[in-house]
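The values are calculated or read from the model by the stated rules, or taken from the named source; none is laboratory data. Not measured: the values here are computed from a predicted model. Methodologically, a virtual Cβ is constructed for each residue, glycine included, from the backbone with ideal geometry; neighbour enumeration extends over all protein chains shown. What goes into the accessible areas is simple: the full protein's heavy atoms, side chains included, and nothing from ligands, DNA or RNA. Shrake-Rupley method; radii C 1.70, N 1.55, O 1.52, S 1.80 Å.
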Amino acid sequence: MIVVGAGPAGLAAAEVLASQGIAVILHERMPSPARKFLLAGRGGLNLTHSESLERFLDRYGPMRPQLEAAIRAFPPEALRTWCEALGLPTFVGSSGRIFPRSMKASPLLRAWLRRLDGLGVKLVTRSRWLGWEDGALSFETPGGVVVERPDAAIFALGGASWPRLGSDGAWQAAFAAHGVDISPLRSANSGFHAAWSEKLRERFAGEPLKTAGFSFAGTTVRGEAMITRDGLEGGAIYALSRDLREAISARGFADLIIDLRPDVSEEALLARLSLDAGKGLSTANRLRRAGLSPLAATLLRERVGGPSLPPAPAEIVAAIKHCAIRLTGVTAIDRAISTAGGIAWQSIAPDFSLRGNPRAFVCGEMLDWEAPTGGYLLQACFATGRAAGLGALARIRAQ
């Protein structure tokens, strides 16, 4: 049995098969496995989330029906149990996100690789899949081209974000040549471009806009965003990225609405600013009285056309509570956290095999789905990897 790709999905598939006595060879094109997984856990490995399963599944948006069976078969609680069986207890953070107590990805990966080695999984690194040849799989290795003819193969080749870590989307051509429908890969959980003034860019690039409300297409997210030289990024922006991206694709722009004081009502703000009316206060002092940080105040002045705010307190309040930022582009895919698009679901059978090629199985981020950050990405990679492994196991046993 061959598994191609040693990220979380591929490792999960290999574990399912090896635990049932199937000999597994795991091919990875990089010098070591799971490099993007390690990067994701550098600041704290967010494995999954503790919210209700129904709410959890809704995070996958229109692709919930395609992913639901796999995630129900291996839900967040099962992932926690699995992690703890490796000797790494987990905990629920204040935001509901679930982390291993070690916080880092490296201890988990080391324990996981030890388990796979104990199950007899053979890991072959620096082995790049080249494609199919008469039903066989060919790999470019330091020792030359190697051809494998497995009973079945599982592909976990990832999307195209952070290609230097291993997933570059190069697999698309080989799959398309075999009649597999592919939705173009696009940036997901990405930043967006905005036309900042040079003043805002020079003074505030790299600073967070904290405790704000971000709204688009009927959805509001509380949190913070990071100002970049080109625009905005960060958790709150990532949560809206699918709708923002699609709007920019359709119209060329998306108007993001920011509530700069989400914890203060319009009435309270109006009362506060009305007390200062007619006192001859400077613009900076008026905004400081409204509780805006220097970054928020600069952002507000830019969005209302310059340093002079509307004179009426009610107009200032409206601008603070509904600060519109026009986004005009999406961060390049190689800088995105994840990707949307991939192998279209009409090409995938319920057991995660390819329709028309029942000995080839697919899983992980190379499938056409996306989700926000918060543990949803890793959970679906683990779940689809296990589902593909179980599908391949059933196929091998049937043969």
Check: Of the residues that make up region 299-316, is at least one under 22 Å from LEU232 (Cα atoms), open to solvent by 10 Å² or more (accessible area, probe 1.4 Å), over 29 Å from the mean Cα position of the chain (by Cα) and small (Gly, Ala, Ser)?
Finding: yes
Next item on the list: Kindly indicate whether any position in region 234-248 is at pLDDT 95 or above, touching a Phe, Trp or Tyr at 6+ places or on another chain (Cβ under 7 Å) and open to solvent by 20 Å² or more (accessible area, probe 1.4 Å).
Entry: yes
Checklist line | Residues satisfying the stated conditions in region 28-60, i.e. under 20 Å from ALA387 (Cβ atoms) and outside any loop (DSSP other than H, G, I, E, B) | finding: PHE37, THR48, HIS49, LEU53, GLU54, PHE56, LEU57, ASP58
Margin query: Taking the criterion of being assigned to a loop (DSSP other than H, G, I, E, B), surrounded by fewer than 17 Cβ atoms within 10 Å (Cβ to Cβ) and either under 15 Å from the mean Cα position of the chain (by Cα) or not hydrophobic (A, V, I, L, M, F, W, C) (or both), would at least one residue in region 78-92 satisfy it?
Written below: yes
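Report yes if some residue within region 13-25 is β-branched (Val, Ile, Thr) and more than 30 Å from ILE396 (Cα to Cα); otherwise report no. Write out each step before concluding.
Step one: filter region 13-25 for residues β-branched (Val, Ile, Thr), giving 16, 22, 24-25.
Filter again for more than 30 Å from ILE396 (Cα to Cα), leaving none.
The answer is no, given that none of the residues of region 13-25 is β-branched (Val, Ile, Thr) and more than 30 Å from ILE396 (Cα to Cα).
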Checklist line | Tabulated pairs, region 154-171, first in contact (Cβ under 8 Å) with a residue 24 or more places away in the chain, second of a type in the set (D, E, K, R) and assigned to a loop (DSSP other than H, G, I, E, B), C-beta under 7 angstrom, 6+ apart or interchain | finding: ALA160/ASP168; GLY166/ARG29
Next item on the list: Evaluate region 354-363: report whether one residue or more is farther than 29 Å from SER183 by Cα, at pLDDT below 95 and buried (at least 16 other Cβ atoms within 10 Å of the Cβ).
Entry: no
Next item on the list: Note down all Cβ pairs under 8 Å where the first residue falls in region 212-241 and is in contact (Cβ under 8 Å) with a residue 24 or more places away in the chain, the second is of a type in the set (Lys, Arg), and they're at least six residues apart or on different chains.
Entry: ALA212/ARG222; GLY213/ARG222; PHE214/ARG222; ARG229/ARG201; ALA236/ARG222
Item checked: Yes/no for ARG64 being without any contact (Cβ under 8 Å) to a residue 12 or more places away in the chain, assigned to a helix (DSSP H, G or I) and either open to solvent by 30 Å² or more (accessible area, probe 1.4 Å) or closer than 26 Å to ASP243 by Cβ (or both) -> yes
Margin query: If GLU370 meets every condition in (1) within 22 Å of the chain's Cα centre (by Cα); (2) under 30 Å from LEU299 (Cα atoms); (3) not small (Gly, Ala, Ser) apart from one, which number is that one?
Written below: (2)
Item checked: Long-range neighbours under 7 Å by Cβ, at least six apart or interchain, first residue more than 15 Å from ALA177 (Cα to Cα) within region 125-139, second of a type in the set (A, V, I, L, M) and assigned to a loop (DSSP other than H, G, I, E, B) -> THR125/MET30
Notebook entry, point to check: Regarding ALA173, is this residue aliphatic (A, V, I, L, M) and crowded, with 21+ Cβ neighbours inside 10 Å?
Noted result: no
Item checked: Selection within region 147-163 - surrounded by fewer than 17 Cβ atoms within 10 Å (Cβ to Cβ) and either hydroxyl-bearing (Ser, Thr, Tyr) or touching a Lys or Arg at 6+ places or on another chain (Cβ under 8 Å) (or both) -> ASP151
Check: Would you pick out the residues in region 179-202 that are loosely packed, with under 14 Cβ neighbours inside 10 Å and over 26 Å from ALA247 (Cβ atoms)?
Finding: GLY179, GLU198, LYS199, GLU202
Note to self: Which numbered condition in (1) surrounded by 24 or more Cβ atoms within 10 Å (Cβ to Cβ); (2) more than 30 Å from ARG149 (Cα to Cα) is the only one that ALA34 fails?
What the structure shows: (2)
Margin query: Regarding region 95-117, can at least one residue be identified that is open to solvent by 20 Å² or more (accessible area, probe 1.4 Å), at pLDDT 95 or above and under 24 Å from ASP351 (Cα atoms)?
Written below: no
